[in-house]
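Chemist: One structure, as structure tokens, below. Some questions next.
The values are calculated or read from the model by the stated rules, or taken from the named source; none is laboratory data. Predicted, not measured: the structure shown is a model, and the values here were computed from it. With ideal geometry, Cβ positions are generated from the backbone for all residues, glycine too; neighbour counts draw on all protein chains shown.
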2 protein chains.
Amino acid sequence: MTVRQLSLPELVAACAASGVTGVGLWREPVQRYGVEAAARLVREAGLTVTTLCRGGFLTAVEPDARRAALDDNRAAVDEAAALGTDTLVLVCGGLPPGASDLHAARERVTDALGELAPYAAGRGVRLAVEPLHPMYAADRCVVSTLDQALSIAGHFPAEQVGVVVDTYHLWWDDRVAADIARAGEQGRIHSFQLADWVTPLPAGVLNGRGQLGDGAVDLRWFRARVDAAGYTGPIEVELFNEELWGRDGREVLAETVERYRAHAT
Amino acid sequence: MTVRQLSLPELVAACAASGVTGVGLWREPVQRYGVEAAARLVREAGLTVTTLCRGGFLTAVEPDARRAALDDNRAAVDEAAALGTDTLVLVCGGLPPGASDLHAARERVTDALGELAPYAAGRGVRLAVEPLHPMYAADRCVVSTLDQALSIAGHFPAEQVGVVVDTYHLWWDDRVAADIARAGEQGRIHSFQLADWVTPLPAGVLNGRGQLGDGAVDLRWFRARVDAAGYTGPIEVELFNEELWGRDGREVLAETVERYRAHAT
């Protein structure tokens, strides 16, 4: 997503040119290219697919909407398996229209994972619950803290359901160091993602994530906590940023690698 | 601020017409009108000034900037005393340029309150630390939760430093019920403010607060928690909303009274 201006073949070539050996993919470009063709493309380039983004949106009350969400998530699991990644990232979904009960919505997420987790496990895919910043609590993700994500994941075996640690969403939380340590002890850190926090936020607050080093987040502090928690998996940089998307994707990828080395290693 | 399109005399007349007996004022319009003249205006109309907004911005590291902030806060205390309100609301300030340590910034707030709280107490004014939504942590307020606000206030007597409970900033927090109860036990709820949460957020995320009943916040739930915590003070409605500011202020005030009755009583 950081360089969504690149087609999948361009992305694969740019990763090779930049020394990037793993890539997190999003469902929509993969579906457009064809899941099997995308899997072959990355495999033949020697690239690892780190995660597939994203399943989730599991907060519906209405039975048809709930069933449709579960079907779509099973399809996402199948796509993850076809791509050869072991991790499907879940953005859990916001409040249904007119609702205000965040706790009840999180309980519906847990309930839905009860159906999805065994299905995913049967296909070698782990589900990674991603807490999103509280500014998305109403319309995008009722899971706002790592603590809440761990509460949900805790209903399932760690090899089936874990969490995403994303600096953009969690940097403000004074409990995050303790929660990262706990997630590590439980073996539930299934993904670690980096982005910086820059202001002012754009309208809709979706596409204003900062390039590493441009903002308020102490990325090295997060890296040290996640390392100390025993995480040895891939580290993704996930920037939704209109300005970066308007530039040459290869240049942005090279810059991102450089910023990663300067601020997160 | 909900009807900032009204001049102070218009506001006072509109409050009387709407049966509103207390009003929270902001420093800038009061200063433009003249503090003594504003005090006389509201007093003669029989209106209570519930709070003055706002002091704060106490996170500076640089000595001159810190001194200037303290001076400005002492002036705000004097203005509050002149207006006859016992409560000055504090928005604590964001991170200084290049900084990323939220904890250290909160410690500087506590340190500054050590100078301000006795000054305010000597003038019959309480300081009310307002936690702002985590989306403001970098650039506006490093105090993001009621728990953090209570930690800061806890260094001082409750009659000197308390907290603001504002539904817009706190609605997402799963610890807020317990924190409201704790704030009540300590006698530290110095202000209770209502606004609803609506999406999409506007650019800059400052002026998108929802009219009561338009959004995701269960206002009656908050009201019940604050009532149960023993709060008997005024309840303010504080909406920063471009669309409301574009309408006739008297109409907006009447609508707000109606919404308050429908959603928060």
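Chemist: Pick out the one residue from B:VAL176, B:VAL198 that is β-branched (Val, Ile, Thr), within 14 Å of another protein chain (Cβ to nearest Cβ) and in contact with a Ser or Thr (Cβ under 9 Å, 6 or more places away or on another chain).
Modeler: Selected residue: B:VAL176, the only one of B:VAL176, B:VAL198 that is β-branched (Val, Ile, Thr), within 14 Å of another protein chain (Cβ to nearest Cβ) and in contact with a Ser or Thr (Cβ under 9 Å, 6 or more places away or on another chain).
Chemist: Within region A:169-194, track down each residue that is acidic (Asp, Glu) and surrounded by fewer than 22 Cβ atoms within 10 Å (Cβ to Cβ).
Modeler: A:ASP174, A:GLU185
Chemist: Follow-up question, since we're still on this one. Any idea which of B:ALA104, B:ALA137, B:ALA117 is free of Cβ contacts under 8 Å to residues at least 12 places away in the same chain and aliphatic (A, V, I, L, M)?
Modeler: Result of the check over B:ALA104, B:ALA137, B:ALA117: B:ALA104.
Chemist: Consider A:TRP197 against the criteria (1) within 22 Å of A:TYR260 (Cα to Cα); (2) free of Cβ contacts under 8 Å to residues at least 60 places away in the same chain; (3) surrounded by fewer than 24 Cβ atoms within 10 Å (Cβ to Cβ): it satisfies all of them except one. Which criterion is unmet?
Modeler: Result: A:TRP197 passes all but (3).
Chemist: Still on this structure, please answer the following. Are any residues in region B:206-250 under 23 Å from A:PRO97 (Cβ atoms), more than 14 Å from every other protein chain (Cβ to nearest Cβ) and assigned to a strand (DSSP E or B), and if so, which ones?
Modeler: Result: B:ASN241, single match.
Chemist: Restricting to region B:130-145, what's the tally of residues that are within 11 Å of another protein chain (Cβ to nearest Cβ) and part of a loop (DSSP other than H, G, I, E, B)?
Modeler: 10
Chemist: Could you say whether any residue in region A:121-129 is within 14 Å of chain B (Cβ to nearest Cβ) and assigned to a helix (DSSP H, G or I)?
Modeler: No, every residue in region A:121-129 fails to be within 14 Å of chain B (Cβ to nearest Cβ) and assigned to a helix (DSSP H, G or I).
Chemist: Looking at B:VAL164, is it under 14 Å from A:ASP174 (Cβ atoms), crowded, with 24+ Cβ neighbours inside 10 Å, touching a residue at least 24 places away in the same chain (Cβ under 8 Å) and among the β-branched types (Val, Ile, Thr)?
Modeler: no
Chemist: Could you please let me know if A:ALA81 is over 20 Å from A:PHE240 (Cα atoms) and part of a helix (DSSP H, G or I)?
Modeler: yes
Chemist: Being in a helix (DSSP H, G or I), surrounded by 15 or more Cβ atoms within 10 Å (Cβ to Cβ), of a type in the set (Phe, Trp, Tyr) and modelled with pLDDT of 95 or more, is that true of even one residue in region B:47-70?
Modeler: Checked region B:47-70: no residue is in a helix (DSSP H, G or I), surrounded by 15 or more Cβ atoms within 10 Å (Cβ to Cβ), of a type in the set (Phe, Trp, Tyr) and modelled with pLDDT of 95 or more.
Chemist: B:ALA82 - would you say it is under 26 Å from A:THR199 (Cβ atoms) and either aromatic (Phe, Trp, Tyr) or over 17 Å from the mean Cα position of the chain (by Cα) (or both)?
Modeler: no
Chemist: Kindly establish whether B:SER151 is part of a helix (DSSP H, G or I) and surrounded by fewer than 22 Cβ atoms within 10 Å (Cβ to Cβ).
Modeler: Here the answer is yes, as B:SER151 does meet what is asked.
Chemist: Moving to a separate point now. Which residues, taken from region B:73-96, are more than 10 Å from every other protein chain (Cβ to nearest Cβ) and either in contact with a His (Cβ under 6 Å, 6 or more places away or on another chain) or within 30 Å of A:TRP171 (Cα to Cα) (or both)?
Modeler: Result: B:ASN73, B:THR87, B:LEU88, B:VAL89, B:LEU90, B:VAL91, B:CYS92, B:GLY93, B:PRO96.
Chemist: Another one. When only residues in region B:12-40 that are in contact (Cβ under 8 Å) with a residue 24 or more places away in the chain and not in a helix (DSSP H, G or I) count, which is surrounded by the most Cβ atoms within 10 Å (Cβ to Cβ)?
Modeler: For region B:12-40, the residue satisfying everything is B:LEU25.
Chemist: Evaluate the following for B:VAL165: is it under 25 Å from A:ALA177 (Cβ atoms) and either of a type in the set (Val, Ile, Thr) or in a strand (DSSP E or B) (or both)?
Modeler: Considered against the rule, which asks whether it is under 25 Å from A:ALA177 (Cβ atoms) and either of a type in the set (Val, Ile, Thr) or in a strand (DSSP E or B) (or both), B:VAL165 comes out as no.
Chemist: Looking only at residues that are hydrophobic (A, V, I, L, M, F, W, C) and more than 9 Å from chain B (Cβ to nearest Cβ) in region A:97-120, which one is farthest from B:ASP196 (Cα to Cα)?
Modeler: Out of the qualifying residues, it is A:ALA120.
Chemist: Would you be able to tell me the number of residues in region B:179-194 that are more than 14 Å from chain A (Cβ to nearest Cβ) and more than 22 Å from B:TYR260 (Cα to Cα)?
Modeler: Final tally of qualifying residues: 8.
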